[in-house]
Ligand SMILES: [Zn+2]
Ligand SMILES: [Zn+2]
């Protein structure tokens, strides 16, 4: 079994289980390596407006890094990488870069969870879809994804078509939007994540959609694998399906990172 590079910890305020339990679950499932990538503090908002059920406090970030380093030592030589899932907010690149510079991460997952300050993947804010034109929304999402990739801040774009989470999809063909975003991702040397959490939400399919993944393969964009586990038992969830999909498209390897340098595992 390959690697799971998208694992959360209870420090984010909406995951459960001890870090050791996530590691134990990964080893039990035969994963060769894992990466912990909890949510970055909400650096893009004033301190008083940050939601602690979404992400840890800024002063907890060093504690997070220290906790991951502790389990790395405890379970050595089992490979546990230090990652972080960082929100991309256009215009806040400098603030993010300053925060990322403070620690020696193995990799940074780049995520779009907010569009114009709307947390579109938050079940509490699902009403926002009613007010939106889905064509415009998807266009904005995939443009922002391309911009995030081009920012140079991230190694991997996480759940690349998260905008489909609740099953709101435009009627028209959006292959052109995918193509544009993937082109920028490829030019920027960024990888994309195949994330199985999409199977557990109304979208009911892996992130990204098969058509998006085929374009990634055409552009030779490397892929990482992630469960987005917020509970230990979800580590490596549905990886058999993800690997089958990747193989069917023509992928033969999964990317891993050490101190932000790429490596590959065959699948
Ligand atoms: Zn989360
Ligand atoms: Zn995410």
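Which of the residues belonging to the stretch 11-49 are within 16 Å of ligand 2 (Cβ to nearest atom) and either over 24 Å from residue 77 (Cβ atoms) or not in a strand (DSSP E or B) (or both)? Write out each step before concluding.
Of the residues in the stretch 11-49, the ones within 16 Å of ligand 2 (Cβ to nearest atom) are 11-15, 35-44.
Once the filter is applied, which keeps residues that are within 16 Å of ligand 2 (Cβ to nearest atom) and either over 24 Å from residue 77 (Cβ atoms) or not in a strand (DSSP E or B) (or both), the stretch 11-49 yields 11, 12, 13, 14, 15, 39, 40, 41, 42, 43, 44.
Looking across the stretch 90-132, the residues that are closer than 16 Å to residue 154 by Cβ and within 16 Å of ligand 1 (Cβ to nearest atom) come down to 108, 109, 110, 111, 112, 113, 114. Would you say residue 232 is within 16 Å of ligand 2 (Cβ to nearest atom) and over 22 Å from residue 97 (Cα atoms)? Here the answer is no, as residue 232 does not meet what is asked. Residue 22 satisfies every condition listed in (1) modelled with pLDDT of 95 or more; (2) farther than 14 Å from residue 229 by Cα except (2).
Of all residues in the stretch 135-169, which are closer than 19 Å to residue 117 by Cβ and within 16 Å of ligand 1 (Cβ to nearest atom)? Answer for the stretch 135-169, where residues must be closer than 19 Å to residue 117 by Cβ and within 16 Å of ligand 1 (Cβ to nearest atom): 162, 165, 166.
Among 199, 162, 246, which is the only one that is within 16 Å of ligand 2 (Cβ to nearest atom) and more than 20 Å from residue 39 (Cβ to Cβ)?
Details: 162 fails: more than 20 Å from residue 39 (Cβ to Cβ); 246 fails: within 16 Å of ligand 2 (Cβ to nearest atom).
That would be 199, the only listed residue that is within 16 Å of ligand 2 (Cβ to nearest atom) and more than 20 Å from residue 39 (Cβ to Cβ).
The rows are residues; the columns are (1) surrounded by fewer than 20 Cβ atoms within 10 Å (Cβ to Cβ); (2) more than 27 Å from residue 115 (Cβ to Cβ).
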position	(1), (2)
171	yes, no
190	no, no
210	yes, no
249	yes, yes
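Taking helices (runs of 4 or more DSSP H) as the structural unit, those lying wholly within the stretch 51-160 and holding at least 2 residues that are under 23 Å from residue 222 (Cβ atoms) and in contact with a helix residue (DSSP H, G or I) (Cβ under 7 Å, 6 or more places away or on another chain) correspond to 134-150. Restricted to the stretch 1-29, and to residues there that are within 16 Å of ligand 1 (Cβ to nearest atom) and under 30 Å from residue 252 (Cβ atoms), the residue that is nearest to the chain's Cα centre (by Cα) is 6.
The values are calculated or read from the model by the stated rules, or taken from the named source; none is laboratory data. Here the structure is a predicted model, which is why all the values come from computation and not from measurement. We place every Cβ from the backbone using ideal geometry, glycine too, and count neighbours over all the protein chains shown.
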